[in-house]
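Have a look at the structure below, then the notes.
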Amino acid sequence: MPARTPVSAGNWKMHATNAEADALCEGLRGIDAIAGVEVVLAPAYLQLARVADRFIGSGVGIAGQNMHFEEQGAFTGEVSPRQLAEVADWVIIGHSERRQYFCEDDRSVNAKVRAAQSHGLKPILCVGEQRTEREAERTEAVLRRQLHDGLDGLELPPGFVVAYEPTWAIGTGIPATGEVAQQASALIRDLLAELQSPEIAETARILYGGSVKAENIAEFVAQPDIDGALVGGASLDAEQFTAITRAIAAAKSS
């Protein structure tokens, strides 16, 4: 079985003006030269084409942070997969903030993954439990439901990307430990084997997301079932994100 290429994905969320995006791109110059890791940047919609132009031909992937599952229609304020595919090659689906603040459920996640694949976009499917669910020892049940319902009826390609992002660690400055993240990531891989196939599970890239920084990334990527990171706030700092990307590449090449 070929080695899994790790992923370093930066989610800029609702940050950066055009000028700030330009400065961040300038600071990330050369990140594409880091061997052994796939870099993905997810700027806000208004900066997607701008950032894509800065990295054209470099191998750096460009991701939407969300999308609608319909090709077109009267959905004011939404972006369709057909539109997104003109400027991006990846899309984040089911991020915890979409689930928490915009009532996104597993059914819509499923429709979005299906639509992304049909338009040649590579999804980063986000799953993870809330603090109350972890305290109630329901992590396995939550991850099982999210993966079962989110992937129901879908055929995944080798190298599919899932991001484990426990909501209690996102934006709190309190990341999960490497051990906790590994337990959840191993469970995700086992569930993918059960719901899809052992072959798909083995090639799937599982990322950790939740207060990732250059100072703690090594703890996560040292784990056997963690293949990179979905980085939030630290991805807005070019030096931090570059250091995280180098650490991912180094850990997974050894």
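Note on the chain: with a GNM built from Cα contacts shorter than 10 Å, the maximum mean-square fluctuation among TYR164, TYR101, TYR208 falls on TYR101. Report note on the peptides 218-227, 103-112, 130-139, 69-78: ranked by the mean count of other C-beta atoms within 10 Å, highest first, their order is 218-227, 103-112, 130-139, 69-78. Peptides 81-92, 148-159, ordered by how many other C-beta atoms sit within 10 Å of their residues on average, highest first, read 81-92, 148-159.
When the solvent-accessible area of the chain is split by element, carbon and sulfur atoms take up 50 percent of it, the probe being 1.4 Å. Summarising the label geometry, the points placed 7 Å from Cα in the beta-carbon direction at THR5 and SER197 lie 2.1 nm from one another. With R₀ set to 41 Å, the beta-carbon distance separating GLU239 from GLN100 gives a calculated FRET efficiency near 0.85. Whole-Hz Karplus values for the range 230-237 come out as 9, 9, x, x, 5, 6, 7, 10 Hz, taken residue by residue from phi with 6.51 cos²θ - 1.76 cosθ + 1.60 and θ = phi - 60°; glycine and proline positions read x.
Within the range 43-63, what residues put their amide N at less than 11 Å from the label point 7 Å along the Cα-to-Cβ vector of GLU20? Only 44 pass the distance filter. For Rg and Dmax of the Cα atoms in Å, the value calculated from this model appears in (1) 16.8, 50; (2) 22.2, 77; (3) 17.7, 54 under label (1). Under 5 Å between amide hydrogens, built in the peptide plane, is the criterion, and for ALA214 it picks out nothing among residues at least 5 positions away or on other chains. GLN240 sits among other residues whose Cβ lies under 12 Å from its own Cβ, and their net charge, with Lys and Arg +1 and Asp and Glu -1, is -1. Would you please classify the overall shape of the range 1-96 from the alpha carbon gyration tensor, given that a ≥ b ≥ c denote the square roots of the eigenvalues, rounded means a/c under 1.5, and beyond that prolate means a/b larger than b/c while oblate covers the rest? It comes out oblate by the Cα gyration axes. The packing ranking of peptides 45-56, 234-245, highest mean first, is 234-245, 45-56, where packing means the average number of other beta carbon atoms within 10 angstrom of each residue.
Over the chain, DSSP H runs of length four or greater, each weighted -39,500 (n - 2.57), average out per residue to a 222 nm ellipticity of -11500 deg cm²/dmol. Here r is the Cβ-Cβ distance between SER253 and ASP32 and R0 is 25 Å; the resulting FRET efficiency, rounded to 0.05, is 0.95. Neighbours of ILE200 by Cβ distance under 15 Å: Lys/Arg scored +1, Asp/Glu scored -1, total -4. Length gained on full extension, THR76 to ALA218: 46.9 nm, using 0.36 nm per residue less the C-alpha separation.
The values are calculated or read from the model by the stated rules, or taken from the named source; none is laboratory data. The structure presented is a predicted model; accordingly, all values stated were derived computationally and were not measured. With ideal geometry, Cβ positions are generated from the backbone for all residues, glycine too; neighbour counts draw on all protein chains shown. Only protein heavy atoms, including side chains, enter the accessible area calculation; ligands, DNA and RNA are left aside. Shrake-Rupley method; radii C 1.70, N 1.55, O 1.52, S 1.80 Å.
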